[in-house]
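Let me begin by presenting the structure, written as structure tokens, before commenting on it.
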Amino acid sequence: MRILSKFLIFAIAVGVILAGVAQAQVASHKLTVRPATDVFKVGSKVRLKVELENVSDHDLTITVIPWENNEIHPEIEGFRPVVVDANGKEPPLTKWGRLVFGRPDPSDNPNHLEFTMVTTSPLAPGKTYTSEIILSDLYDLSVPGTYTVHVPRFDEDLKVIVKSKATTITIVP
């Protein structure tokens, strides 16, 4: 009986520790990406809706960088999409994409981004920040085919990258 009670105490202690570890590993946010449609014609604007939901018990900080004409570009606010084709290769970046991803070409003028205004905004627990990325502004999607897209974002609480579930788009002639 004594051995059984010691085993039960040990099992409960291990369960409590594992529950604490599992709880500590929960990301502070959830990312969701959805294309406007699954199929796009070559040359059309490929739009991707991005939603960041605060699933923590505290405010998250959202960076907002207004650009020309007060447009918001989530790709320079920490929502940089990762796009690969059916072969797992990244399509070529546009000039804007090269600047955003920090891979400028020598011919790019300017060869860097300059920000005149950066603001932050709190995102309260349970609230969702929604924005839109125009993938075709970042990537050359002129080759018909199937592309997979996800958006990673750094989780300040866990100090890890949290990725959205991948979505698939098809580019047709």
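What follows is calculated from the coordinates using simple rules that are stated; it is not laboratory data. Keep in mind it's a predicted model, so treat the numbers as computed, not measured. All Cβ positions, glycine included, derive from the backbone under ideal geometry; neighbour counts span all protein chains shown.
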Report task. Determine ³J(HN,Hα), in whole Hz, for all residues of region 129-136 in sequence, where each value follows from phi through the Karplus function 6.51 cos²θ - 1.76 cosθ + 1.60 and θ = phi - 60°; x replaces Gly and Pro. Result -> 9, 10, 8, 9, 9, 9, 4, 5
Report summary line: Sorted by chain and number, the residues with a modelled amide H under 5 Å from that of T94, at a separation of 5 or more or across chains, are Y139, D140
Query raised in the report: Whose amide H sits under 5 Å from the amide H of H29, counting only residues 5 or more places off or on another chain, with H placed in the peptide plane?
Result: V55
**Report entry** Backbone HN-Hα couplings from phi across region 137-147 [Karplus 6.51/-1.76/1.60, Hz, Gly and Pro as x]
**Finding:** 7, 9, 10, 7, 9, 7, 9, x, x, 9, 10
Query - Extension reserve of the T130-E156 stretch, reckoned as 0.36 nm per residue once the Cα distance is removed - result: 7.4 nm
Requested in this report: Going by C-beta contacts inside 10 Å, put V118, V100, V82 in order with the fewest on the left.
Outcome: V118, V82, V100
Report summary line: Long-range amide H partners of V64, meaning residues 5 or more apart or on another chain whose placed amide H is closer than 5 Å, are T119, T120, S121
**Report entry** region 27-172 - charge dipole about Cα centre, Lys and Arg +1 at Cβ, Asp and Glu -1, debye rounded to 20
**Finding:** 440
